[in-house]
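Structure first, commentary second.
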């Protein structure tokens, strides 16, 4: 629990939601929401810092007597913007220029909605339930998807679907679900949390609250069910919807890649292995490799979506002791889920691990592209770079800097998404018909990993679309080693004359090393080598330096990659 101390204007009933979802009243001129045990101080300056920190949801400041500092005025402006309905009212022009990176967008939106609902206390119902998601890396649709309010609404959806199936089976009075459904919009997460402090059981607290709202008909809810029937089925719904959002974002990135692949399908560049010049390729082929890898990641997401869209309404250990498979099938079908093949008290966690592994693969694909952008943007290469917006700054000390900050950010976030895969795998091996050791892990990592990947995909799309490519520098770097890229062609030409491969290798290498050390052009050394000229004419040597020959099949590679995309996604992504 976080208690927010302060001074000046009191903010009675304000919410301070810690990682455990607890609530504390606050008094003072700074009221803000901390995540995962963040320590919050009640001063205007601290409120400003809170808006800039990665461990804070949002900041609210109210002016007390006396003149406000410039920092507090900025923080207050953010909240005033939210109250007026202007989300993301950031004072930093760079943040305004890049809405995805704006640090307070989701926080300001949450404040606005809380005010509309009925004051600061309502903030608690809009925050992610027991997660460590932060707005800087959380798209708004994922903040809503993982919100406490959405969580309880989905729980009730599961209960009502089961209730209706039981009505049809004659085990519950007809009209029960219809009598309870109108109370869905009146679910109060704060009241449920208050009840849970006594019950120390979230589903019982939820059912108690629903019974208080709906009265006698609600007593028929949850008949023959166990908590995990509700928890796992509702989690399946949210994860299914989250995966749909991730697939849609992946499609948008693939579409952006396809356009850039076509644009640069014939733009020559040097290929590198171990970071060292190898042989020519095209920038289009390089991008096509990223396109194909992300397409494979999409397939993993699609399969994970099928695997995760599974629930259970089968009772305490999955044996339908007080239910039937028919009731389960009808209820889950109404929710868009399939029944678990063999349930215990829970849906087996290999399904959830599969989703996390798919997310990790997509994050890794993004990271590989971002890593290449960072290399291409290095000063000594300058082959491609992130778009640099007007007014953007690269360094507080060095005005000349243009850093690949978006790509570096993506590489860092990939570690977060990937890190969730191992705990997800560790959640698979539970005791007997289940234990609860997986629960705390999922409440933290699952919202974080999915929301972070969504942010990464949004950012990657913008990075691909805005990538600035320098064909002249690509060509200059290709020629930088004085034609050394042709060495394999010369080697094979010598072998073709009957010379042993290793003997040919020695002849080519001794001339390549002279060119490597800058003594002259590789071709000139080859033509002047009597041992080589005894076997190869000048025209044959020249033919090995034909760039068109080296790149003759690159168009086929590009076409093959884009054809796979068209086959799976239609014309929009290829």
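The values are calculated or read from the model by the stated rules, or taken from the named source; none is laboratory data. Note that the coordinates shown come from a computational prediction; the quantities given were computed from them, not determined experimentally. Glycine also receives a Cβ, built like all others from the backbone with ideal geometry; neighbour counts cover every protein chain displayed.
The combined condition, being over 17 Å from the mean Cα position of the chain (by Cα) and within 23 Å of residue 255 (Cβ to Cβ), is not fulfilled by residue 433.
Results for (1) assigned by TED's automatic domain parsing to the domain that holds residue 489; (2) modelled with pLDDT of 95 or more; (3) crowded, with 18+ Cβ neighbours inside 10 Å; (4) farther than 30 Å from residue 234 by Cβ, shown as yes or no for each residue.
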| position | (1), (2), (3), (4) |
| --- | --- |
| 268 | no, yes, yes, yes |
| 272 | no, yes, no, yes |
| 279 | no, yes, no, yes |
| 282 | no, yes, yes, yes |
| 290 | no, yes, yes, yes |
| 297 | no, yes, yes, no |
| 305 | no, yes, yes, no |
| 311 | no, yes, yes, no |
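Among the residues of the range 202-250, those identified as touching a strand residue (DSSP E or B) at 6+ places or on another chain (Cβ under 7 Å) and farther than 28 Å from residue 568 by Cα are 232, 233. Those helices (runs of 4 or more DSSP H) of the range 460-542 in which 3 or more residues are in contact with a helix residue (DSSP H, G or I) (Cβ under 6 Å, 6 or more places away or on another chain) and outside the structural domain of residue 266 (by TED's automatic domain parsing) occupy 487-496, 501-516, 522-527.
On the stretch given as the range 413-438, residues that are assigned to a loop (DSSP other than H, G, I, E, B) and closer than 12 Å to residue 353 by Cα total 4.
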